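The block underneath contains the structure these notes are about, expressed in structure tokens.
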Amino acid sequence: MPVDEPHRIVCRLDELLTERGMTLTALAEQIGVTIVNLSVLKNQRAKAVRFSTLTAICHALECQPGDLFVLGE
């Protein structure tokens with residue numbers, strides 16, 4: 001797949017939040033990231049994610065990066 005084509009990585013943040021009964025607002029407050037930035041990630045519009053943000057999300061949701069991101073069709 002050429003680099004300029006859209007990626008196939010799917011973010012499962014919405015599913016993980018639902019499973020844990022947590023809101024996007026609560027997660028944002030807990031990890032110190034804006035709701036807007038988390039919303040971009042949740043809605044599949046992010047082009048990148050900082051490792052520090054990924055670490056904070058995984059810590060807060062008690063998950064692994066592979067639980068948060070999957071390879072889509």
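The values are calculated or read from the model by the stated rules, or taken from the named source; none is laboratory data. These numbers were taken from a predicted model, which means no experiment stands behind them. Heads up, the Cβs are rebuilt from the backbone with ideal geometry, glycines too, and the neighbour counts pull from every protein chain shown. All accessible areas refer to the heavy atoms of the entire protein, side chains included, with ligands and DNA or RNA removed. Shrake-Rupley method; radii C 1.70, N 1.55, O 1.52, S 1.80 Å.
Does Val40 count as touching a helix residue (DSSP H, G or I) at 6+ places or on another chain (Cβ under 8 Å) and surrounded by 13 or more Cβ atoms within 10 Å (Cβ to Cβ)?
Values: touching a helix residue (DSSP H, G or I) at 6+ places or on another chain (Cβ under 8 Å): no; surrounded by 13 or more Cβ atoms within 10 Å (Cβ to Cβ): yes.
So Val40 does not fit the description; no.
For the residues Leu17, Leu27, Leu68, Leu13, the requirement of being in contact with a Ser or Thr (Cβ under 8 Å, 6 or more places away or on another chain) and either loosely packed, with under 12 Cβ neighbours inside 10 Å or modelled with pLDDT of 95 or more (or both) singles out Leu17.
Could you check, for the range 46-57, whether at least one of its residues is touching a strand residue (DSSP E or B) at 6+ places or on another chain (Cβ under 8 Å) and open to solvent by 50 Å² or more (accessible area, probe 1.4 Å)? No, that holds for no residue.
Taking first residues from the range 54-73 that are charged (D, E, K, R) and partners that are not in a helix (DSSP H, G or I), the Cβ contacts under 8 Å between residues at least 6 apart in sequence or on separate chains come to Asp67/Arg12; Glu73/Arg8. Scan the range 21-35 and give yes if some residue there is hydrophobic (A, V, I, L, M, F, W, C) and more than 13 Å from the chain's Cα centre (by Cα), otherwise no. Scanning the range 21-35, I find at least one residue that is hydrophobic (A, V, I, L, M, F, W, C) and more than 13 Å from the chain's Cα centre (by Cα), so the answer is yes. Within the range 3-51, the residues that satisfy the criterion of being touching a residue at least 40 places away in the same chain (Cβ under 8 Å) and assigned to a helix (DSSP H, G or I) are Leu13, Leu16, Leu17, Arg20.
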